[in-house]
Amino acid sequence: MASLVLGVLGTLTGYLLYSFAETGVLWVKALHIVFVTSWFAGLFYLPRIYVNLAMVPEGDEGESERNRLLLMSHKLYRFMTPLMMLALVFGLWLWLGFGVGMPAQGNGWMHAKLLIVLVLLGYHHVLGRQLKRFKAEANTHNHVWYRWFNELPVLLLFAAVILVVVKPF
Ligand code: HEM
């Protein structure tokens, strides 16, 4: 019985290693797209919560709503940070591991995309800093500011996807 189980496990492992050797880049790209999409769900939704937080009346009147929105923001930020890291790990694996987007010559799209990724990382960091400020009741921006702030990831997503799919330069 044990040798049968070992045989099946061995065959399965062999098949997975073979199929990964053959189609690994596609598995990694699929996971990259899944985690990029999940990260963006947070990048779109968290600033929207901040729009509402910035409209909550100060003092006791808004306390329960403020606490509810703060808890939602805290959980969402904690959830979307590992998703960001996984999106980056699989993206770097595609670029540095499989060499997609290499060499630098003729792959200007990859450098422009990396610039956008740096801006997105900065945006993610600002979301965390603003969360700390809301928790300390030290937020200085109003809901209109957050509505404009909320539009930036939309523009960055458009640019990054067009660069990586169309590869215009
Ligand atoms: C360190 C960060 C990142 C690196 C190194 C990276 C690298 C790559 C590479 C090398 C590919 C394969 C391109 C190809 O097959 O032609 C790719 C695919 C892709 N990346 Fe990224 N990426 C990163 C972050 C992102 C971000 C933040 C987004 C979204 C805004 C994104 C969206 C995509 C999409 C949609 C694809 C699939 C394109 C296709 O199927 O043709 N990536 N990425």
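For the reader, a short list of remarks on this structure follows.
- Note that the chain presents 63 Å² accessible area per residue, ligands and nucleic acids not counted, probe 1.4 Å.
- Share of carbon and sulfur in the accessible heavy-atom surface of the chain [1.4 Å probe, %]: 72 percent
- Set of lysines with alpha-carbon distance to residue 113 below 18 Å, sequence-local pairs under 8 removed: 29, 167
- Local electrostatic count at residue 138 - Lys and Arg +1, Asp and Glu -1, tallied over other residues with Cβ under 15 Å: +3
- Partners of residue 135 within straight-line reach, counting lysines whose Cα lies under 18 Å from its Cα and excluding those fewer than 8 residues away in the same chain: 75.
- Candidates 70, 16, 131: whichever shows maximal mean-square fluctuation once the chain is modelled as a Gaussian network with Cα springs under 10 Å: 16
- Between the listed residues 84, 11, 62, the Cα displaced farthest toward the positive end of the dipole of the chain, a dipole computed from Cβ unit charges relative to the Cα centre, is found at 11.
- Helical mean residue ellipticity (222 nm; -39500 (n - 2.57) per DSSP H run of 4+; nearest 500) of the chain: -28500 deg cm²/dmol
- Part-to-part distance (alpha-carbon centres) for segment 1-73 and segment 88-118, which is given in Å: 22 Å
- Principal-axis tilt of helix 152-166 within the chain, Cα atoms, nearest 10 degrees: 20 degrees
- Computed about its Cα centre, the charge dipole of the chain is approximately 240 debye, with only Lys, Arg, Asp and Glu carrying charge at their Cβ.
- In this structure, residue 72 and residue 158 have a Cβ-Cβ separation that, at R0 = 22 Å, corresponds to a calculated FRET efficiency of about 0.25.
- The loop-placed GluC sites (Glu not before Pro) in segment 19-110, going by DSSP, that have at most 16 neighbouring Cβ atoms within 10 Å of their Cβ come out as 58.
The values are calculated or read from the model by the stated rules, or taken from the named source; none is laboratory data. Here the structure is a predicted model, which is why all the values come from computation and not from measurement. Because the Cβ atoms are built from the backbone with ideal geometry, glycine has one as well, and the counts that use them run over all protein chains shown. The protein model used for the area step is the full one, side chains on, heavy atoms only, and it has no ligands, DNA or RNA in it. Shrake-Rupley method; radii C 1.70, N 1.55, O 1.52, S 1.80 Å.
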